[in-house]
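Reviewing the structure listed below.
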Amino acid sequence: MAAWTHLMPWWQGRSDTYSVVPPASAVFETKGSDIAQLSEILKLEEDRGYLSASRGYTSESTARWARYDPDVVTVSIEYRREEATTRQSGTEVAEGWIDSRVTFLRDHFVNFTKAAGIGDEAIETYSSGGAEVYVRAGNVTITVNYYVAGARGTDTADQLQSVARNLAKTAVEKLKKT
């Protein structure tokens, strides 16, 4: 236990929803999901793609799938469990993280929208060839990044955002099952 725990109010962090996060690579292994647009991309055995993933799943987990031939396609998913501090619960820390993403995007003149129906709150952004979704679910934050270039780079903003949104929804579903 950390030395500062005796300073923490007894209720601090006790109501946080999640104590662990799932392996991010599990999102790529989802069978029968509605991520139909990714089914042709994420055929790990058939395509020349590779998957890299972190191992420690207690407080954070990341996975990145990439293919560089014939088109560039990268998908990354990151879970991060926010922990209580002496002043805030983990949920409040996660809420601050989402607020900081909004501030960052506004400060850098990046267009973003709120994404309804994903976790407790979510925002999404699109840039040429890529879409990102930032999600808060309880005391966990999730970042999904989907980028394409080459022939697949002709996908429209709606197509890219749809895939990123579906990945984010699947990531939240995996989190709820932990």
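The values are calculated or read from the model by the stated rules, or taken from the named source; none is laboratory data. Since this is a predicted model, take the numbers as computed values, not measurements. Here the Cβ is made from the backbone with ideal geometry for all residues, glycine too, and neighbour counts use every protein chain on show. Heavy atoms of the whole protein, side chains included, go into the accessibility calculation; ligands, DNA and RNA do not. Shrake-Rupley method; radii C 1.70, N 1.55, O 1.52, S 1.80 Å.
Observations
- Whenever a residue of segment 157-175 is touching a residue at least 12 places away in the same chain (Cβ under 8 Å), its partners that are open to solvent by less than 10 Å² (accessible area, probe 1.4 Å) and assigned to a helix (DSSP H, G or I), lying with C-beta atoms within less than 8 angstrom and at least six residues away or across chains, give the pairs VAL163/LEU38; ASN166/LEU38; LEU167/VAL27; LEU167/LEU38; THR170/VAL27; ALA171/ALA24; ALA171/VAL27; LYS174/VAL27.
- Answer residue from segment 81-90, given it is buried (at least 18 other Cβ atoms within 10 Å of the Cβ) and of a type in the set (D, E, K, R) and is nearest to the chain's Cα centre (by Cα) among those: ARG81
- Any pair with Cβ under 6 angstrom, 6 or more apart, that starts in segment 95-117 at a residue that is within 19 Å of GLY130 (Cβ to Cβ) and part of a helix (DSSP H, G or I) and ends at one that is of a type outside the set (A, V, I, L, M) and open to solvent by less than 60 Å² (accessible area, probe 1.4 Å): ARG101/TYR134; LEU105/PHE112
- Listed by first and then second residue, the pairs linking a residue in segment 68-88 that is over 19 Å from VAL140 (Cβ atoms) and assigned to a loop (DSSP other than H, G, I, E, B) to a residue that is polar (S, T, N, Q) and at pLDDT 80 or above, with Cβ atoms under 9 Å apart and 6 or more places separating them unless they lie on different chains, are TYR68/THR74.
- Restricting attention to segment 91-109, the residues being among the charged types (D, E, K, R) and crowded, with 16+ Cβ neighbours inside 10 Å number 3.
- Some residue of segment 42-63 being open to solvent by 40 Å² or more (accessible area, probe 1.4 Å), among the β-branched types (Val, Ile, Thr), under 14 Å from VAL21 (Cβ atoms) and modelled with pLDDT of 75 or more: yes
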